[in-house]
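Report on the following structure.
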Amino acid sequence: MKEYLAHSAKGNIPAQSYQEHSVKTTAYAKKNAKETAAYAAVDGASLISAVSTAAALHDLGKLYEENQGVLSGEKGKKLPEPHEDAGVAFIKKNSPSLIAEVLVASHHDGLPNLIGEELRGENYFRDKDQNVRKRTDKEVEKLGQIHQNLTGIPSDFTKDKIEVQGELGVFLRLALSCLCAGDYRDTARYYRNNFSQCKSTLLRAKERLQQLECYLEERKISEGKWNRKFFDICQTSEMQAPIVSCGSFEREGKNEMLLVYLLRQAERNKLRRIFVVLPDTNAVLRMTERLRKALVLPGESPETVVAGVCRHGTYRKGESGFAEGEHWKTPVIVSTARIFFETLSANKPWILCKLHCLSGSAILIDEMYETLPNKLLKVTWHWMQVLSREWGCRWVVSSNSSVKFWEFLDMIQELKDDRVSRTVVPELLPKEFIKEYIDYESQKVEFVWENTPLSCQKLTEKVTTAPGPCLLVMSTIHNAAVMEEKLKSCFNDEAQKHVFYLPSECNAEDTERIMGTVKKWSQSENTNWVLVTDVGTGIENGLFFQTVFHEVTSSASLFQAASAIGKKDGKTKVRICSFSMQDDSRLKKNSKWKDSFYVLRRYFQRAGSIARTEATNMAKAEWRCGVTLDQAEKLYLEEMNRAFPYVQKEYHLSLEEASKQV
């Protein structure tokens, strides 16, 4: 029998046969689907059936003689005939399943706009070129017969319809993830890209919980009045809600202590992974290092247990290796918010191919409201609800700012009756604890408002004469750089203030070096220094400042700054001054903070200060002022219309957009 090929030769590696690739891809994809479906409340069987059918036939069009000529190395380098259309046509004719059809059609170009496909009539999910469709219709039976002779039609290839009872958008993303991860895995395996053949490391939640508790005790992270109370709550909470909030509290080691709660949830619900989602790359690298010390059991390699993920992984043939962490295969994943949330929104296979690993996971989202642009909150909250309701996920939404954004998402007019908006999210911390801690915090911090916009010169004078050490937070990276240069030009000798500069775009190595120096100064008796940064920079908890100057951004970032700073004594309040800048050609204004400025000014003028208990109302007022409502509504409705390319295009986090946090 003639040998048909699926992939061409590369270097010393011969061409891969169609039979091998089809069979192994089907096996890998079906395994992915079964592992994902194990946590499904509905649609588990539909997921397995759709993925198995699509995986078996995804490369059917490669059997065209013209394509075989290229794969064998006899002709050209690019396949002359689009190979997706044949699989779609075969399924449409032999086992009508819209789900399997869209998976085959999307396994290279990504999920389409489903309404747009409906308007194409009987040609939905087929190639847009009429000549390609005619050629396929003429030869699809022949191709199917060759496929059957080589591999056998899959045993679960059924005439029954594959129906989806739950939310279709999340289902399709998970299904495409299962298919493409199987496809990419076999390709990586065949081309020997160091794909791990060993058994994946398991979560072993009970054992890691014991290891973590010992780590926290040994390093005295759980000591002190507030940390001990918080640690006890995480150890004993019986809360079973799929999404819980943990706001109004910020101390060093908070996220590690929250992992105690998450591991208990994982043990109780037999979950398979833990995710920790942090605002920026530097926070991910720091947390990854700490968790590798806290969670790795004897005999394990740290890299196979805890992975820090700061980029989308790849299975491309040219890559020299395969990182399991980048594809969410390790039991503990520490990810940047950008990578995590862009994966939820994606339509492209090379981004989506790790999403199926999320089912049956416990996820800690740190500073979600402060990290995501407001227009993304509604649709993101929808995905979180679906994943918890239908795919076994458990969430903790942690925030220093105390903004409960889900309470005002129903402000979007078209969505007031949506069940997602009315979801009640319980607070992990008891009311008594929150009240006591907020009272303690209010004694530590004094918020003040600078009525008159400041010039660069006037701001420099205020910073240089204020009680130190000082923290200066500017609204943009550019403005922070301007002020750093301005402050340094004022100091000429060692007796004057030292200026440290930490921009959000700083790489991990430089950040570690700068923060190491700042920590030493923070712990010393010398108060004659200032740290200049921007709102995109994550400031580690426990640094000591006496005065904070915060250019107006959002109320949430202001509360977060207040939570992050520490004090050396319990007598003098830390003074946090909110200010705006005069028009200056050297500075860049960020118009997105205009509404926040008016809201903060109104609160300060009315009460003379601001209180953490007003955080949600202030954030709600900021929403009312701007165009965010329309933008959030449009993105959500496009998701409901299954406009997958539009959602991926509009859902993105750049440094500037993901800069509500401090």
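The values are calculated or read from the model by the stated rules, or taken from the named source; none is laboratory data. Everything quoted here is computed from the prediction, not taken from an experiment. Methodologically, a virtual Cβ is constructed for each residue, glycine included, from the backbone with ideal geometry; neighbour enumeration extends over all protein chains shown. SASA here: full protein model, heavy atoms, side chains in, ligands and nucleic acids out. Shrake-Rupley method; radii C 1.70, N 1.55, O 1.52, S 1.80 Å.
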Taking the alpha-carbon centre of each part, the distance from the range 219-284 to the range 22-53 in Å is 32 Å
Heavy-atom accessible area of the chain with neighbours in place, 1.4 angstrom probe: carbon+sulfur share in percent works out to 48 percent
If exposed means trypsin sites (Lys or Arg not before Pro) lying in a DSSP loop and surrounded by at most 10 other beta carbons within 10 Å, then the longest stretch of the chain lacking such sites spans residues 221-418
Listed by chain and number, the residues whose amide H is under 5 Å from that of VAL445, excluding neighbours fewer than 5 places away on the same chain and using placed H, are VAL574
Row for the range 36-186, column shape: gyration tensor on C-alpha, a ≥ b ≥ c, rounded if a/c < 1.5 i.e. under 1.5, prolate if a/b over b/c, else oblate; value prolate
Toy charge model, Lys and Arg Cβ at +1, Asp and Glu Cβ at -1: the range 212-370 dipole around Cα centroid in debye, rounded to 20, equals 320 debye
Measuring from the longest principal axis of the C-alpha atoms of the chain, the long axis of helix 168-190 (C-alpha) lies at a number of degrees, nearest 10, equal to 70 degrees
Among beta bridges assigned by DSSP with both residues in the chain, the antiparallel ones amount in percent, to the nearest 5, to 5 percent
For the chain, the longest principal axis of the Cα atoms and the Cα long axis of helix 555-564 enclose an angle in degrees, to the nearest 10, of 70 degrees
Where a ≥ b ≥ c are root eigenvalues of the Cα gyration tensor, a/c under 1.5 meaning rounded, otherwise prolate if a/b exceeds b/c and oblate otherwise, the range 172-248 counts as prolate
Ordered by number, the GluC sites (Glu not before Pro) in the range 1-65 that occupy a DSSP loop and have at most 12 other Cβ atoms within 10 Å are GLU3
Given backbone amide H placed at 1.01 Å from N, residues whose amide H is under 5 Å from that of ARG394, ignoring those fewer than 5 places away on the same chain, are SER361, ALA362, ILE363
Rounded to the nearest 500, the 222 nm mean residue ellipticity computed for the chain from DSSP H runs (n ≥ 4, each -39500 (n - 2.57)) alone is -14500 deg cm²/dmol
Once amide hydrogens are built 1.01 Å from N within the peptide plane, the residues lying 5 or more places from ALA9 or on another chain with amide H under 5 Å from its amide H are ALA15
When the charge dipole of the chain is computed with +1 at the Cβ of Lys and Arg and -1 at the Cβ of Asp and Glu, the Cα pointing farthest to the positive end, of THR527, GLN130, CYS353, is that of THR527
Once normalised by the length of the chain, the mean sequence separation of its alpha carbon contacts under 8 Å that are 6 or more apart gives a contact order in percent of 15 percent
Simple SL model, points at 7 angstrom along Cα→Cβ for LYS594 and GLU35; separation in nm is 4.9 nm
Residue-ordered couplings for the range 23-39, obtained by feeding phi - 60° into the Karplus form 6.51 cos²θ - 1.76 cosθ + 1.60 and rounding to whole Hz (Gly and Pro as x), are 5, 6, 4, 4, 5, 5, 5, 5, 4, 4, 5, 5, 5, 6, 5, 4, 10
For the chain, dividing by residue count, accessible area per residue (probe 1.4 Å) in Å² works out to 41 Å²
The size of the Cβ-based charge dipole (Lys, Arg +1; Asp, Glu -1) of the range 1-150 about the Cα centre, to the nearest 20 debye, is 260 debye
Projecting the Cα atoms of PHE604, ASN641, LEU629 onto the charge dipole of the range 594-645, where Lys and Arg contribute +1 and Asp and Glu -1 at Cβ, the residue farthest towards the positive end is PHE604
Taking a crude spin-label model, label points 7 Å out from Cα along the C-beta direction, the SER455 to GLU238 distance in nm is 6.6 nm
Helix 130-151 sits off the longest principal axis of the Cα atoms of the chain, rounded to the nearest 10 on a 0 to 90 degree scale, by 80 degrees
Toy charge model, Lys and Arg Cβ at +1, Asp and Glu Cβ at -1: the chain dipole around Cα centroid in debye, rounded to 20, equals 560 debye
Looking only at lysines whose Cα falls under 23 Å of LYS431's and that sit 8 or more positions away or on another chain, we get LYS225, LYS229, LYS254, LYS404, LYS444, LYS620
